[in-house]
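The values are calculated or read from the model by the stated rules, or taken from the named source; none is laboratory data. It should be emphasised that the depicted structure is a prediction, and the values quoted were computed from it without experimental measurement. Heads up, the Cβs are rebuilt from the backbone with ideal geometry, glycines too, and the neighbour counts pull from every protein chain shown.
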Amino acid sequence: SQQGEEDPQALSIQEGENATMNCSYKTSINNLQWYRQNSGRGLVHLILIRSNEREKHSGRLRVTLDTSKKSSSLLITASRAADTASYFCATDSNTGFQKLVFGTGTRLLVSP
Amino acid sequence: DAGITQSPRHKVTETGTPVTLRCHQTENHRYMYWYRQDPGHGLRLIHYSYGVKDTDKGEVSDGYSVSRSKTEDFLLTLESATSSQTSVYFCAISRQREYNEQFFGPGTRLTVL
C-alpha cells in the first residue's frame, strides 16, 4: 500500500501566486522528500526533511513536517510558469530507508 | 541526470514476448531501483539492488525479474509481457550516504499490445 497521498491532485494558479500542496502518510518515517517531475522526464529531488525537523527552506521552497499528524506540506512562493510540473512526496518505508514509497502526486499548472 | 541512462527509451512489443530493459550508471553507486509509473498510482517499486548479485522485491514484483552482474548495470526483464505491464519504467540510483536521496533516469515507455 502506498505511504504518501498528495492533496490536491491538481492545482492551477497564476504566475506570482503561491502554491501549496500537501502529503499525508501512514506510518513512522525517518525522513520525507519532495520530488518534481516535468512532463516526460524522470523525477528530480527537491528537498528532504528529517523526522526531527519541523520546517525547511530551499530558495522559493518551504517544507513543513508534522509527525503527529503524519503530514507534510510543500509551499512554492512566487510561482513561475517553469514550476509547472507534477510534485511527489516520498517517504522511507517502515522496513528500512533503502526503499522509498512515493505518493500519487500533485499536478501543478502555473499560467503566465 | 547523475549519469543514468536507460535503454531502450521506447518499445512496443506483443503479449507473451520477453522484454529486457537496461539501466546504466556511471557513478558506481551501490543502490539501484526499478519503478513503474502509471496514472493514478504514482511510482511503484518493482525491484531494487543493494550490490552486485544482491536484489530484493518491491511492491509490484510479480511478472518481473532483475539481474545485476556489474555495479553499473541493472536489468529488468519481463519474461512474458502482458498488457498490464504497459507503463513508463524508471530506473533510479541512490548515493545512500545518510539519506536515500534518489536520482532518476529518463524513463522507458513500454507498450504491450
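Structure notes:
- When the test is whether a residue is facing chain B (nearest Cβ under 10 Å) and either over 22 Å from residue B:60 (Cα atoms) or surrounded by 20 or more Cβ atoms within 10 Å (Cβ to Cβ) (or both), residue A:63 does not pass it.
- Restricting the range A:22-32 to residues that are surrounded by 16 or more Cβ atoms within 10 Å (Cβ to Cβ) and out of contact with any Asp or Glu (no Cβ under 7 Å at 6 or more places or on another chain), the residue that is farthest from the other protein chains (Cβ to nearest Cβ): A:25
- Checked against (1) away from chain B (no Cβ under 11 Å); (2) modelled with pLDDT of 95 or more; (3) surrounded by 12 or more Cβ atoms within 10 Å (Cβ to Cβ), residue A:8 passes all but a single condition, namely (2).
- Residues in the range B:40-59 that are in contact (Cβ under 8 Å) with a residue 24 or more places away in the chain and either outside any loop (DSSP other than H, G, I, E, B) or of a type in the set (S, T, N, Q) (or both): B:43, B:46, B:47, B:49.
- Of residues in the range B:1-31 being over 23 Å from residue A:100 (Cα atoms) and part of a loop (DSSP other than H, G, I, E, B), the one farthest from the other protein chains (Cβ to nearest Cβ): B:16
- Within the range A:65-74, not a single residue is in contact with a Gly (Cβ under 8 Å, 6 or more places away or on another chain), of a type in the set (S, T, N, Q) and farther than 20 Å from residue B:102 by Cα.
- Count - residues of the range B:33-43 that are at pLDDT 95 or above and either facing another protein chain (nearest Cβ under 9 Å) or farther than 15 Å from residue B:109 by Cα (or both): 3
- Residue that is surrounded by the fewest Cβ atoms within 10 Å (Cβ to Cβ), among those in the range B:20-56 that are more than 12 Å from the chain's Cα centre (by Cα) and within 18 Å of residue B:85 (Cβ to Cβ): B:40
- Taking the criterion of being crowded, with 19+ Cβ neighbours inside 10 Å, in a loop (DSSP other than H, G, I, E, B) and facing chain A (nearest Cβ under 9 Å), the only residue of the range B:60-100 that qualifies is B:100.
- Number of positions in the range A:66-112 that are surrounded by 15 or more Cβ atoms within 10 Å (Cβ to Cβ) and among the basic types (Lys, Arg): 3
- Among the residues of the range A:59-87, those identified as under 20 Å from residue A:43 (Cβ atoms) and either touching a Ser or Thr at 6+ places or on another chain (Cβ under 6 Å) or at pLDDT below 95 (or both) are A:60, A:65, A:73, A:75, A:87.
- Qualifying residue in the range B:32-39 (condition: without any contact (Cβ under 8 Å) to a residue 60 or more places away in the chain, within 30 Å of residue A:8 (Cβ to Cβ) and not in a strand (DSSP E or B)): yes
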